[in-house]
Every structure is written in C-alpha cells, then in structure tokens.
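Before any comments, here is the structure.
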Amino acid sequence: MQIKIESRIFGGAKITLAGAALAGFLLFTGAPSSRADDDCQKRIARADHRLHEAIEHHGNNSAQADNARHNLHEARESCYSRNHRWWDEDGHRWREDRDWDDHDHDKYEREHPPSR
C-alpha cells in the first residue's frame, strides 16, 4: 500500500516536470522569431524614414533618394526571404505577399516638395 502511494506521487511529479520542461521549450523556441520580426520592423521603418528624408531634402529623382529607395528594397527583400513577410511602415501592418512597390513613395514629393 505504501509503495503504491509513493509510486503515484512520483509518477505525478514526473508528469508535472515533463510538462514544465515542454512548456519551457516551446516558450523559448518562439522567442527568436519575434526577435527577428522586431529587427525586420525596425530596419524597414528606419529605411522608410530615410527615404522620406531623402525625398524631402533632395527630391524624388535625386541620387540620395535612389540610394534610400535601394536600401528600403533590400530591407524588405531581406525580411521577406527570412520570414516570408515584410513590414508595411505606411500601413503599419505585416504583409505576407511579396507585393511592395519600390516607387510607392513617389507621391510623397508632390505632397512635400523638397526644401531648398
């Protein structure tokens, strides 16, 4: 009788310990992808901002805007190739289709002419 009770106690402890280990494993394996998402979001947001700044200060067809446009394309491409999604800074959402337009900021110059 004593052995059966101890067996049940230790059996329950083993199940609880195994469940806790599994939960910990699942918790920590999900962390790197959210970190990658944060890095992608920040990188795209920074590149998008730099493109806005280049257009505002130098014009849409300037070398600075072309360079910033290229950097934004590279950031989007990098995120999409790693995560199969990219951050749409203007729409403030993740997009899963590779449907960005490298000239989606061309309208910005009409709204904000370059400062001279």
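The values are calculated or read from the model by the stated rules, or taken from the named source; none is laboratory data. None of these values were measured; they are calculated from a predicted model. Glycine also receives a Cβ, built like all others from the backbone with ideal geometry; neighbour counts cover every protein chain displayed.
Overview of results
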{"quantity": "Subset tally (residues that are within 27 Å of R93 (Cα to Cα) and modelled with pLDDT under 70) for the range 1-35", "calculated": "9"}
{"quantity": "Residues of the range 82-98 satisfying the condition of being exposed (fewer than 15 other Cβ atoms within 10 Å of the Cβ), acidic (D, E) and in contact (Cβ under 8 Å) with a residue 12 or more places away in the chain", "calculated": "D90, E96"}
{"quantity": "Given (1) assigned to a helix (DSSP H, G or I); (2) of a type outside the set (A, V, I, L, M); (3) at pLDDT 90 or above, index of the condition W94 fails", "calculated": "(1)"}
{"quantity": "In the range 62-81, the residues that are loosely packed, with under 15 Cβ neighbours inside 10 Å, over 16 Å from D101 (Cα atoms) and not hydrophobic (A, V, I, L, M, F, W, C)", "calculated": "S81"}
{"quantity": "Residue list for the range 73-88, filter: assigned to a helix (DSSP H, G or I) and among the charged types (D, E, K, R)", "calculated": "E74, R76, E77, R82"}
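Table: residues versus (1) small (G, A, S); (2) under 19 Å from H92 (Cβ atoms); (3) not in a helix (DSSP H, G or I).
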residue: K42; (1), (2), (3): no, yes, no
residue: A45; (1), (2), (3): yes, yes, no
residue: R50; (1), (2), (3): no, yes, no
residue: N61; (1), (2), (3): no, no, yes
residue: N71; (1), (2), (3): no, no, no
